[in-house]
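Participant: Okay, handing you the structure first.
The values are calculated or read from the model by the stated rules, or taken from the named source; none is laboratory data. Since this is a predicted model, take the numbers as computed values, not measurements. Don't worry about glycine lacking a Cβ; one is built from the backbone with ideal geometry, like all the others, and counts go over all protein chains shown. Side chains are part of the model used for accessible areas, which takes the heavy atoms of the whole protein and leaves out ligands, DNA and RNA. Shrake-Rupley method; radii C 1.70, N 1.55, O 1.52, S 1.80 Å.
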Amino acid sequence: RQAVTGDLAVMPRSFDVTTETSAGVAEVQAAFSEKDYWLARLVAYGGDSMTLDSLVVDPGGTVVVRTTQDLRQDMLPAGIARMLPGDTKIMRTETWRPVSDQTSGQAHGDFIICARGVPSSGAGTMVLEPSEIGSRLRVRGTLEVRIPVVGGRIERYVADLNAKEGPQMQQFTAAWIAGEA
C-alpha cells in the first residue's frame, strides 16, 4: 500500500521484533488478563503519560486492552517534537486470543495504533509461542506517519523504540508474574 502526500510517496515502515522470556505462554496470557498487570506496565513504560482506557476479558478468554499515551513534547527527540502539535495522543488496541491449537501452544494477537494530532496509523500481529526458556514473542507490524519530509524519521524512531522496549516489556512481564515488578 502506498499513500501520496503532496509530491512525496509515503510507504509504511515495517518492523519485526522477537524476544524471549522465562515466563510460559499460559502465564503471560494470564497476566494479560489482569488489570493490575496493565496498570503496572503502563507506569513502567509511560509513567503518567499513559492511561488504561479499557480491559475486557470475554468468557472465551479473549483479551482486549485499550490504552492512550499523551506524547508530550519533552518525551520526544527535539527534531521530532517540533514537528508535532502539543496535544498528540497515541491510542492502541491490543487483542489476544487464547491458545487454540494445543499442539503448537501458540497464542495469537493483533494490535491497531491510531493517533490524534498527527496523521498516522499502525497495525500488526503478535505470536506468543513456547520456547526452551519459557516463551517467545514475535511482533510484526507497520507504521505510517503521513507528514512530508519528517514522517520517515518519526517512523524510524518509533520502530527503534519498539525494538528496544519489546524485550524490556517481556522481561517486565516475567518479573511481574514472579512478583518482582
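Participant: I want to make sure I understand the PRE zone here: with the label point 7 angstrom from the Cα of M11 toward its beta carbon, which residues in segment 140-167 have backbone N atoms less than 17 Å away?
Facilitator: Residues passing the 17 Å test: 141-157, 159.
Participant: If you don't mind, there's one more thing I want to ask. How do L39, L128 stack up against each other in accessible area, from largest to smallest, with a 1.4 angstrom probe? Write out the running numbers ahead of the final one.
Facilitator: Numbers: L39 75, L128 0 Å².
Accessible-area ranking of L39, L128, largest first: L39, L128.
Participant: Estimate the FRET efficiency between Q102 and V149 by the formula 1/(1 + (r/R0)^6), using the beta-carbon distance for r and 35 Å for R0, to the nearest 0.05. Display every interim value, and only then the final one.
Facilitator: On the way: r = 50 Å, r/R0 = 1.43.
Here the calculated transfer efficiency is 0.10.
Participant: Quick one: which residues, 5+ away or cross-chain, put their amide H under 5 Å from the amide H of S120? H built at 1.01 Å from N.
Facilitator: A115, R146
Participant: Turning to a different aspect of this structure: Report in % the part of the accessible area of the chain that belongs to carbon and sulfur, leaving out ligands and nucleic acids; probe 1.4 Å. Display every interim value, and only then the final one.
Facilitator: Numbers: 5080 of 9470 Å².
It is 54 percent, rounded to a whole number.
Participant: Per residue, how large is the accessible surface of the chain? Use a 1.4 angstrom probe and give square angstrom.
Facilitator: On a per-residue basis, 52 Å².
Participant: Suppose only helical runs count, i.e. DSSP H with n ≥ 4. What mean residue ellipticity at 222 nm does that imply for the chain under -39500 (n - 2.57) per run, divided by all residues and rounded to the nearest 500 deg cm²/dmol? Write down the numbers at each step before the final one.
Facilitator: On the way: 4 runs with 49 residues, N = 181.
Per the formula, -8500 deg cm²/dmol.
Participant: Of I133, I147, which has the most accessible area and how do the rest follow, probe 1.4 Å? Write out the running numbers ahead of the final one.
Facilitator: Details: I133 100, I147 35 Å².
Final ranking, largest accessible area leading: I133, I147.
Participant: Hey, what's the Kirkwood Rh for the chain if you take every pair of different alpha carbons, in angstrom?
Facilitator: Working: mean 1/r = 0.0580 Å⁻¹.
For the chain, the Kirkwood estimate is 17.2 Å.
Participant: Here's a follow-up. What order, most packed first, do the peptides 11-17, 50-56, 22-28 have when packing is the mean number of other Cβ atoms within 10 Å of each residue? It would help to have the intermediate numbers written out before the result.
Facilitator: Details: 11-17: 16.4, 50-56: 14.1, 22-28: 19.0.
In descending order of packing, they fall as 22-28, 11-17, 50-56.
Participant: Could you work out the relative contact order of the chain? I mean the mean sequence separation of Cα pairs under 8 Å and 6+ apart, divided by the number of residues, in percent. Before the final figure, lay out the partial values.
Facilitator: Values: 355 pairs, mean separation 51.0, N = 181.
The value is 28 percent.
Participant: Can you run phi through the Karplus equation (6.51, -1.76, 1.60; θ = phi - 60°) for segment 110-125 and list ³J(HN,Hα) in whole Hz, with x for Gly and Pro?
Facilitator: 8, 9, 9, 10, 9, 10, 10, x, 8, x, 8, 7, x, 6, x, 10
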